[in-house]
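Take a look at the structure below.
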Amino acid sequence: MFSRILICARGEIALRIIRACKQLGISTVAAYSEADKDAIYLDFADERICIGPAPSEQSYLNIPSIISAAEVADVEAIHPGYGFLSEVSRFAEVCRSCNLEFIGPSAEAMSQMGDKVRAREIATNAKVPVVPGSKGAVGSGEEAVALAHEIGYPVLVKAAMGGGGRGMRAAHNDMSLLNGFAVAESEAGAAFGDRA
């Protein structure tokens, strides 16, 4: 069990983690951006530490700032909440290389499950039931329409990378599928750097 952790989440997510830690007798340090400096959840943490300016790329997604904060705060572990760096295997690797525990799945598990095509393959090989869908990556909107005609509408378009609902669209007909495919590609590219 840890005695002191850094929480790299904000809002209700951070508050839930803080409350759970209090019940377990774990001291909490809340990492926050300048935009959140007056957020109420910070009042419930044992300590707080600023990790950067308002843009998340300069704070909640800034791995060097978070690691520095963890070292300054003298914590044993980092809890990423969900979103931000919680699904970034490289962050888990950096934490462990800095002798900080990453509270979450291993970097290896995140790498395998982060790619939804690979995750589906792993589930299928493990005999876990999966919903009907493609056997692998779908390369174009036209290919998606042909597959939808085979399995029937409605269908869900999901980018191979990412999570949290990013790169995901429901489609009920050919037009909404073509549009959803383009939007999912674009959103996944912007959010995860991978349009697949």
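The values are calculated or read from the model by the stated rules, or taken from the named source; none is laboratory data. None of the values given here were measured: they were computed from a predicted structure. A quick note on method: Cβ atoms are made from the backbone with ideal geometry, for glycine too, and the neighbour counts reach across all protein chains shown. For the accessible areas, the whole protein counts, side chains as well, though only heavy atoms, and no ligand, DNA or RNA atoms are used. Shrake-Rupley method; radii C 1.70, N 1.55, O 1.52, S 1.80 Å.
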(message) Pairs of alpha-carbon atoms within less than 8 angstrom and 6+ residues apart define the contacts here; what relative contact order does region 30-174 have, in percent?
(response) 14 percent
(message) Explain nothing, just compute: Karplus ³J(HN,Hα) = 6.51 cos²θ - 1.76 cosθ + 1.60, θ = phi - 60°, for every residue of region 50-57 in order, whole Hz, x for Gly and Pro.
(response) 7, 10, x, x, 4, x, 4, 5
(request) Describe numerically, in nm with one decimal, the distance between label points set 7 Å from Cα along Cα→Cβ at Ala170 and at Cys98. (result) 4.0 nm
(request) Would you please name the trypsin sites (Lys or Arg not before Pro) within region 77-185 that are DSSP coil residues with at most 13 other C-beta atoms within 10 Å of their C-beta? (result) Lys127, Lys135
(request) Let me know the number of lysine pairs in the chain closer than 17 Å at the Cα, not counting same-chain pairs under 8 apart. (result) 5
(request) Could you look at region 1-150 and say what percent of its accessible area is carbon and sulfur, using a 1.4 Å probe and all protein chains? (result) 54 percent
(message) How large is the Kirkwood hydrodynamic radius of region 69-149, counting all unique pairs of alpha carbons, in Å?
(response) 15.1 Å
(request) May I ask you to rank Tyr41, Tyr153 by accessible area, largest first, using a 1.4 Å probe over the protein chains only? (result) Tyr153, Tyr41
(request) Could you state the accessible area per residue of region 13-123 in Å², with a 1.4 Å probe and every protein chain left in place? (result) 52 Å²
(request) Can you quote the Å³ per residue value for the convex hull of the Cα atoms in region 1-103, rounded to an integer? (result) 81 Å³
(message) What whole-number volume per residue, in cubic angstrom, does the convex hull of the C-alpha atoms of the chain give?
(response) 138 Å³
(request) Could you list which residues have their amide H under 5 Å from that of Ile49, counting only those 5 or more apart in sequence or on another chain, with H placed in the peptide plane? (result) Ala30, Ala31, Tyr32
(request) Subtracting the Cα-Cα distance from 0.36 nm times the residue separation, let me have the gained length for Arg16 to Lys135 in nm, one decimal. (result) 39.0 nm
(message) Rounded to the nearest 20 debye, what is the charge dipole size of the chain about its Cα centre when +1 sits on each Lys and Arg Cβ and -1 on each Asp and Glu Cβ?
(response) 460 debye
(request) List every residue whose amide H lies under 5 Å from the amide H of Glu101, counting only residues 5 or more places away in sequence or on a different chain, with H placed 1.01 Å from N in the peptide plane. (result) Ala77, Ile78
